[in-house]
Amino acid sequence: MNPESPDTIVIGAGVVGLCVGTHLARRGVKVTLLDELPPASGASYGNSGFLVADTAMPVALPGMYRKVPSWLADPEGPLRVRPGYLPTAAPFLLQWLKASREKQVIASSDAMRNIHQPTFDEWKALVGPQVYDSLIRRTGQVYLWEGGGTGRTPMEDALRERHGVQVQSLSLAEIREIYPGITPSITRAMVIPGNGHTTNPGRLCGALLQTFLDAGGTVSHERVQKIWQGDTGSWRLMTTAGQARSAARIVVAAGAWSHRLLAPLGIKVPLESERGYHVVLPDPSVQLAMPILHKTGYFGINSMEMGLRLAGTVEISGVEAAPDPRRCDVLVRKAQRLFPGLSHGEPRMWMGHRPSVPDSVPVIGPVPGQGGLYTCFGHGHCGLTAGPASAKLVVRQMMGEPVEFDTQAYSIQRFMR
Ligand SMILES: Cc1cc2nc3c(=O)[nH]c(=O)nc-3n(C[C@H](O)[C@H](O)[C@H](O)COP(=O)(O)OP(=O)(O)OC[C@H]3O[C@@H](n4cnc5c(N)ncnc54)[C@H](O)[C@@H]3O)c2cc1C
């Protein structure tokens, strides 16, 4: 192997690739991150910023299939599938529905719990106490419901109980005290005190990049077109930079594009982009003491350094289709209904790709039969939360170290049977 080659190449410099790279570089591994785009400019930049240590909820929950038709029929609903993309998405959607069975939901939730719960400690260990204190708040997170019924979701309650998660109900008077000006149509609210948020995911990932570089890692701006194992057992890569690249080990952390690199090796992973949108409202008249997840409106709101960030929507349209700004208009309308007096500057809109697998459990670990090839992708709605612990997990596996929980649930093997 070329003595100049890194020992390990990480493909993708989103939050997940940056976390993997930093763990490796800190252990003295010669590591290079490859990404055509500037680090953390995709989903890792534009997310809601929630750090959900105490939420381990798969997207597919029991009874979901009954709700899908009404979601699709509602122009303000949380789910959209572009008709032209339906034939491509159908196998993923069917596996999604299959993953909503109770037994699978419990197994997925347990696996998510292992990598969500340590998020605050892991972020602090990665970026250091100074950056942590300036960008991360362990304030708790409020869930809100509007409309009739109890708003209770038995499976979600059961999973919280299973994991010993503390929740506190809020009276309507308490909600109005926390959020002056909120609509009187809120019917139920609760706090998850163990959750929190960052006030700027982009800046947090920027600090992580600096940590990676300080630890001796390097970044190169190139897109990987193909990976294959050379005669000597090392991995070879073809990239848009046209350079000969090789490494003893590769970690695929390319978010919603990861499966494309594995398919030519005969490995099929049902990875789909759950496209999500955000709107930043600069100079908002409302500041949130705690971020909100609106459970019946299916969107999140977080006060960030840039303004009020509203985020939500699951749009299944692949990674190529142009964004649909109407999804952002919906978010603004919902926020204005929640805070009727809300005033703000010119909204800024964004769309990004959540890298999702049907069972919501990220694909982490060695690829069987492909010595030196590892994966760390598929973090769906929770990659900012789970990125640090996922990276620690895959790096331990690379180093042959023991892990205190069962790692089978994350293995790519579940798709290779
Ligand atoms: C609207 C929205 C709200 C969200 N809210 C939250 C939240 O509140 N909390 C939370 O925990 N998570 C949240 N998420 C999810 C979270 O943002 C993602 O799970 C996470 O960012 C995924 O990180 P990643 O590094 O895997 O992917 P990405 O950030 O997409 O990075 C992947 C990188 O790989 C690169 N790449 C792709 N193909 C190649 C290739 N062939 N060669 C080289 N590089 C390649 C891409 O350019 C990209 O930079 C949200 C996501 C969205 C969209």
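Worth pointing out:
- Members of the range 366-382 that are assigned to a helix (DSSP H, G or I) and either in contact with a strand residue (DSSP E or B) (Cβ under 7 Å, 6 or more places away or on another chain) or farther than 17 Å from residue 355 by Cβ (or both): 380, 381
- Yes/no for residue 38 being over 25 Å from residue 353 (Cα atoms), more than 6 Å from the ligand (Cβ to nearest atom) and part of a loop (DSSP other than H, G, I, E, B): no
- Where helices (runs of 4 or more DSSP H) sit wholly within the range 45-137, those with at least 2 residues that are over 22 Å from the mean Cα position of the chain (by Cα), surrounded by fewer than 17 Cβ atoms within 10 Å (Cβ to Cβ) and of a type in the set (D, E, K, R) occupy 64-73, 102-116.
- Residue list for the range 76-126, restricted to those being touching a residue at least 40 places away in the same chain (Cβ under 8 Å) and among the small types (Gly, Ala, Ser): 77, 89, 99, 100, 107, 108, 109, 111, 125
- Flag for residue 342 being surrounded by fewer than 20 Cβ atoms within 10 Å (Cβ to Cβ) and either more than 15 Å from the ligand (Cβ to nearest atom) or modelled with pLDDT of 95 or more (or both): yes
- Restricted to the range 232-290, and to residues there that are among the hydroxyl-bearing types (Ser, Thr, Tyr) and under 30 Å from residue 349 (Cα atoms), the residue that is farthest from the ligand (Cβ to nearest atom) is 285.
- Residue match in the range 16-26 (condition: within 12 Å of the ligand (Cβ to nearest atom), among the small types (Gly, Ala, Ser) and not assigned by TED's automatic domain parsing to the domain that holds residue 281): yes
- Segments classed as strands (runs of 3 or more DSSP E), wholly inside the range 202-303, with at least 2 members that are out of contact with any Lys or Arg (no Cβ under 9 Å at 6 or more places or on another chain): 249-252, 292-294
The values are calculated or read from the model by the stated rules, or taken from the named source; none is laboratory data. Quantities reported herein were computed from a predicted structural model and do not represent experimental measurements. Note: ideal-geometry Cβ built from the backbone for every residue, glycine included; neighbour counts use all protein chains shown.
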